[in-house]
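S.K.: After the structure tokens below, expect a handful of questions from me.
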Amino acid sequence: MGRAFVYVILGGGVAAGYAALEFTKKGVSPGELCIISDEPVAPYERPALSKGFLLPEAPARLPAFHTCVGANEERLTPKWYKEHGIELILGTRVKSADVRRKTLLTATGETISYKILIIATGARALKLEEFGVSGSDAENVCYLRDVADATRLADVMQTSTGGNAVVIGGGYIGMECAASLVINKISVSMVFPEPHCMGRLFTPKIASYYEEFYKSKGVNFVKGTVLSSFVFDPEGKVTGVNLKDGSYLPADLVVVAIGIRPNTSLFEGLLTLEKGGIKVNGRFQSSNSSVYAVGDVASFPVKIFGEIRRLEHVDAARKSARHAVSAIMEPDKTPEFDYLPFFYSRVFSLSWQFYGDNVGEVVYFGDFSGSSFGAYWVHSGHLVGSFLEGGSKEEYEAMAKVTRLKPAVEDLSELERLGLGYVVELSQQQLVVPVMDVSGSGSILVLDKPVYPWHAAAGVVVAASIAAFAYWYGRRRRRW
Ligand code: FAD
């Protein structure tokens, strides 16, 4: 025996919160929707865990960062769900699914049935044990995926002030945690096998900017090697790490950030999987028409690149969730999802955004010894990706707008000369003349006239306002 709902969201993370808000906007009735989550709290903005949550002073704590504050929308507290007649089934793990009977079985033994299921199970942090290293259950070895992990990390950080931390992994979470540790007055060594940090996104030149910045804050980079074992004291606490290259690092605290694995296991053999996630169409519908998948767990068609991708970023989680709900509630009014991949991070006083794809030739611009610089990626004669550190809201918007258009670029040195001005200028032009995209993934737009004049005076004004805006924006957004 169990409960029955029209709509069930499985998973209570970022995508679940944004889906719930969208359901209410589209007129879901009280009692029709439930969210099942193994976390004990209502959906929240996960990125806050490696940023505001770890600050030594006035750290962010729930309920301050429940979804959907990260997109400047309503903050959905447990009271909000109650008022909207949405059932929150928290602290409850779903242990199996039957997509033919449309039921989920929880670890408490309840069978919950649905008409439409949205899978929003996200991902889990990879464990060192999966790479043959044991001991990651020691009290001062921390992972960071959920609020329980973040609470533990914050506690261990408090007792490690003035000591040493080793961060295993040079991706987003590793970089953001390292910055937080430094801010908490802990000496940090970062260990990763790649030749530079953020290996999946950054070029060596971009990475070197951030590494130099981190070094100026005292961070020690140990590259080209991995952890081979922990050294423990008699109480089972880690006191240091041995690396494969034979070196040893003392540690009062270890943060393991070696990647994630999407939570697909409940649906293996039941739904089609691709690229490590649940394969969905442009309406987020899986191989079973009553089952949708969104967020980190979904592999969806990225129309602009003409291929299926699985993204591990909050913007994709938010937008995929909204789109799936719209496709469910208003199928005739909802087009295929057309998404421009967008990633961002904020560390120390730095803040960057990336749009599109990082393939092809790279064209750099700006001042790599200063505070604002960037890069474009040009593939098959078209601009497909753009990166900017230290930009203003308007500049980031210009970048997103132009990258989505995939404009033809003939002269890379001209692009380099124009730098950021290229997207700023181009975003203000009138856009006409649809032509076929070279990749065959759809039509794109080109300009009705060349856009090469560069207004120096405007540049000075923009530069002055960037500093003021970046300061204000950085403070306003600093927590999530
Ligand atoms: P999640 O938010 O992970 O939610 C999944 C939910 O499903 C969880 O509540 C989980 O407990 C639950 N669940 C899973 N399996 C079950 C089950 N069987 N039964 C019940 N419940 C289940 N992205 C960015 O773009 N920028 C950032 O700066 C950034 N910072 C981040 C910092 C941290 C510390 C982390 C961990 C991630 C960060 N991300 C960032 C990534 C971003 O948070 C994710 O892309 C986003 O949370 C994905 O949302 P989701 O809803 O798909 O999954």
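The values are calculated or read from the model by the stated rules, or taken from the named source; none is laboratory data. Keep in mind that what you see is a predicted model, and the values were worked out from it rather than measured. Every residue, glycine as well, gets a Cβ built from its backbone with ideal geometry; the counts of neighbours run over all protein chains shown. Surface areas here come from the heavy atoms of the whole protein model, side chains and all, with no ligands, DNA or RNA. Shrake-Rupley method; radii C 1.70, N 1.55, O 1.52, S 1.80 Å.
S.K.: Can you tell me the FRET efficiency between T108 and S287 if r is taken as the Cβ-Cβ distance and R0 is 35 Å, rounded to the nearest 0.05?
M.R.: Efficiency at R0 = 35 Å is approximately 0.75.
S.K.: Along each of the three principal axes of the Cα atoms of the stretch 333-437, give the extent in whole Å, ordering the values from largest to smallest.
M.R.: 42, 36, 25
S.K.: Still on this structure: Show me the ranking of peptides 362-368, 169-175 by mean Cβ neighbours inside 10 Å, starting with the highest. Could you put the intermediate results ahead of the total?
M.R.: Numbers: 362-368: 17.0, 169-175: 24.4.
Those peptides, ordered most packed to least, come out 169-175, 362-368.
S.K.: State, to one decimal in nm, how far the label point of D332 lies from the label point of S29, with both points 7 Å from Cα in the Cβ direction.
M.R.: It works out to 2.0 nm between the two label points.
S.K.: Still on this structure, I have one more. Using a 1.4 Å probe, what is the accessible area per residue for the chain, in Å²? Can you show the working numbers first?
M.R.: On the way: 20610 Å² over 480 residues.
Normalised by residue count, the accessible surface of the chain is 43 Å².
S.K.: If we sort 407-414, 107-114 on the protection proxy, mean other Cβ atoms within 10 Å, highest first, what's the order?
M.R.: The densest-packed peptide leads the list: 107-114, 407-414.
S.K.: Percentage of Cα-Cα pair distances in the stretch 183-341 greater than 21 Å, rounded to whole percent?
M.R.: On the way: 7667 of 12561 pairs.
Distances greater than 21 Å cover 61 percent of the Cα pairs.
S.K.: For the chain, compute Rh as the Kirkwood radius over C-alpha pairs and then the Stokes-Einstein diffusion coefficient at 10 °C and 1.306 mPa s; write the answer in µm²/s, rounded to an integer.
M.R.: So the translational diffusion coefficient is about 66 µm²/s.
S.K.: Under 18 Å Cα to Cα from K406, which aspartates and glutamates show up? Leave out anything in the same chain fewer than 8 places away.
M.R.: Leaving aside aspartates and glutamates fewer than 8 places away in the same chain, those within reach of K406 are E307, D338, D357, E361, E395, E397, E414, E416, E425, D437, D448.
S.K.: Same structure, new question: Order the peptides 389-400, 203-214, 328-339 from the highest to the lowest mean number of other Cβ atoms within 10 Å of their residues.
M.R.: Final packing ranking: 389-400, 203-214, 328-339.
S.K.: Based on the alpha carbon coordinates of the stretch 179-268, what radius of gyration and maximum Cα-Cα distance (Dmax) apply, in Å?
M.R.: Values for the stretch 179-268 (Cα only, Rg and Dmax): 15.5, 47 Å.
S.K.: Then there is this: Hey, could you grab the Kirkwood Rh for the stretch 83-208? Inverse mean 1/r over distinct alpha carbon pairs, Å, one decimal.
M.R.: Numbers: mean 1/r = 0.0554 Å⁻¹.
Result for the stretch 83-208 stands at 18.1 Å.
S.K.: K217: which lysines have alpha carbons under 24 Å from its alpha carbon, excluding same-chain residues fewer than 8 sequence positions away?
M.R.: Those lysines meeting the cut-off are K51, K185, K205.
S.K.: Moving on. Restricting to DSSP loop positions (anything but H, G, I, E, B) with no more than 16 other Cβ atoms inside 10 Å of their own Cβ, which trypsin sites (Lys or Arg not before Pro) remain in the stretch 114-161?
M.R.: K115, K127
S.K.: On to the next question. List the residues, sorted by chain then number, that are 5 or more residues from L126 or on another chain and whose placed amide H is less than 5 Å from its amide H.
M.R.: I258, G259, I260, R261
S.K.: Follow-up. Enumerate the aspartates and glutamates that K26 could reach by cross-link, defined here as Cα to Cα under 14 Å, with residues fewer than 8 away along the same chain left out.
M.R.: Within the straight-line cut-off, K26 pairs with E330, D332.
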